[in-house]
Amino acid sequence: EPEVTQTPSHQVTQMGQEVILRCVPISNHLYFYWYRQILGQKVEFLVSFYNNEISEKSEIFDDQFSVERPDGSNFTLKIRSTKLEDSAMYFCASSRFASNTEAFFGQGTRLTVV
Amino acid sequence: AQSVTQPDIHITVSEGASLELRCNYSYGATPYLFWYVQSPGQGLQLLLKYFSGDTLVQGIKGFEAEFKRSQSSFNLRKPSVHWSDAAEYFCAGGSSGNTPLVFGKGTRLSVIA
C-alpha cells in the first residue's frame, strides 16, 4: 500500500539553527501539506502546496518557514532559524485531489529545539 | 469560523465494551468530516470519512460514525473495543475547495482489561 514517508523521525536542533524536514508523498498525488502538532495541542495546518506553489498558508507559516519540491518526489519544509516554540511533531500529507478527499499522512517528524 | 470540537480529552473503557467518541463541528455548510487515529509513534491513519449521502459511515477496524446534522455531531463508535484500539483519535473537518483540514484536539483512548 502506498504511503507518505517522512525523514528523519526525530530531530534535535539548537535554537537558531536551520532545519529541513523531508517528505516523500505518494507518487500520483498532486496536493501536499504540512501540519504540526505541539505536544498536548491540536494538529494545526501550516501550508498547502499545489502545482509547484503555495496555495494556502496559515498565520503560523511566517517568513521563517519555506517549502519546496526540489524534484519529482520530495517535498521539504525548512525552518530557517528555529525557536524553542517550533518544537512539535510535523506531519506531511498528500492527496490525489483537493484536500477534502482522502489525505494520507506520514508518520511525522518530532522536532525538538533546545 | 470553522471549528471541530472533541469534548473528551481522555476516555477509558474496558476491553470488549462499546465505545463512543464525540465530535462536534461548526461549519456554515455541510462539512466533509473525518476520523483519524494515531497510535504511539505512528502517523495519522484515516479511519473513515463522510462527504454526503448515507449518514452512517463504516470505516476500518470495525469503526463507524454517524453524521447528525441536527446535533452538528459526527461521533465515532465501535461495538466492542480491543486493547489494540488504545490510541489518540482525531476528528477533522473540511469544506469544498482546496481548504485545509481543521482538527479537534483529540481524544486519548485507554483500554483496560
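In region A:68-75, is there at least one residue being among the hydrophobic types (A, V, I, L, M, F, W, C), modelled with pLDDT of 95 or more and not in a loop (DSSP other than H, G, I, E, B)? First the steps, then the outcome.
Kept after step one, since they are among the hydrophobic types (A, V, I, L, M, F, W, C), are these residues of region A:68-75: A:75.
Next cut, modelled with pLDDT of 95 or more only: A:75.
Within this subset, residues satisfying the condition of being not in a loop (DSSP other than H, G, I, E, B) are A:75.
There is at least one residue in region A:68-75 that is among the hydrophobic types (A, V, I, L, M, F, W, C), modelled with pLDDT of 95 or more and not in a loop (DSSP other than H, G, I, E, B).
Any chance region A:17-36 includes a residue that's facing chain B (nearest Cβ under 9 Å) and basic (Lys, Arg)? Show your work before the answer.
Of the residues in region A:17-36, the ones facing chain B (nearest Cβ under 9 Å) are A:31, A:33, A:35.
Now drop any that are not basic (Lys, Arg), which leaves none.
Scanning region A:17-36 turns up no residue that is facing chain B (nearest Cβ under 9 Å) and basic (Lys, Arg).
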**OP:** Mind checking which strands (runs of 3 or more DSSP E) fall wholly inside region B:1-91 and carry at least 3 residues that are of a type outside the set (Asp, Glu), open to solvent by less than 60 Å² (accessible area, probe 1.4 Å) and within 12 Å of chain A (Cβ to nearest Cβ)?
**Re:** B:32-38, B:44-50
Original post:
Which of the residues spanning region B:24-44 are touching a residue at least 12 places away in the same chain (Cβ under 8 Å), under 24 Å from B:Val13 (Cα atoms) and either touching a helix residue (DSSP H, G or I) at 6+ places or on another chain (Cβ under 9 Å) or not polar (S, T, N, Q) (or both)?
Top reply: B:Asn24, B:Phe34, B:Trp35, B:Tyr36, B:Val37, B:Ser39, B:Pro40, B:Leu44
Original post:
Across region A:62-84, which residue is least open to solvent (accessible area, probe 1.4 Å) among those that are touching a residue at least 24 places away in the same chain (Cβ under 8 Å) and more than 19 Å from A:Gly106 (Cα to Cα)?
Top reply: A:Thr82
Original post:
What number of residues within region A:50-61 are in a loop (DSSP other than H, G, I, E, B) and open to solvent by 60 Å² or more (accessible area, probe 1.4 Å)?
Top reply: 3
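Please verify whether B:Gly59 is among the small types (Gly, Ala, Ser) and in contact (Cβ under 8 Å) with a residue 12 or more places away in the chain, treating the condition exactly as stated.
Values: among the small types (Gly, Ala, Ser): yes; in contact (Cβ under 8 Å) with a residue 12 or more places away in the chain: yes.
Criteria met by B:Gly59.
Restricting to region A:85-114, what's the tally of residues that are open to solvent by 40 Å² or more (accessible area, probe 1.4 Å), within 14 Å of chain B (Cβ to nearest Cβ), of a type in the set (S, T, N, Q) and in contact (Cβ under 8 Å) with a residue 12 or more places away in the chain? Break it down into steps so the answer makes sense when it comes.
Kept after step one, since they are open to solvent by 40 Å² or more (accessible area, probe 1.4 Å), are these residues of region A:85-114: A:85, A:96-97, A:101-102, A:104, A:107, A:110, A:112, A:114.
Subset that is within 14 Å of chain B (Cβ to nearest Cβ): A:96-97, A:101-102, A:104, A:107, A:110.
Now narrow it down to the ones that are of a type in the set (S, T, N, Q): A:101, A:107.
Restricting the remaining residues to those that are in contact (Cβ under 8 Å) with a residue 12 or more places away in the chain gives A:107.
So the count comes out to 1.
Which residue out of A:Phe91, A:Phe97 is under 23 Å from B:Leu33 (Cβ atoms), assigned to a strand (DSSP E or B) and in contact with a strand residue (DSSP E or B) (Cβ under 9 Å, 6 or more places away or on another chain)?
On the way: A:Phe97 fails: assigned to a strand (DSSP E or B).
Result of the check over A:Phe91, A:Phe97: A:Phe91.
The values are calculated or read from the model by the stated rules, or taken from the named source; none is laboratory data. All values reported here derive from a predicted model rather than from experimental measurement. All Cβ positions, glycine included, derive from the backbone under ideal geometry; neighbour counts span all protein chains shown. Quick note on the areas: whole protein, heavy atoms, side chains included, nothing else; ligands and nucleic acids left out. Shrake-Rupley method; radii C 1.70, N 1.55, O 1.52, S 1.80 Å.
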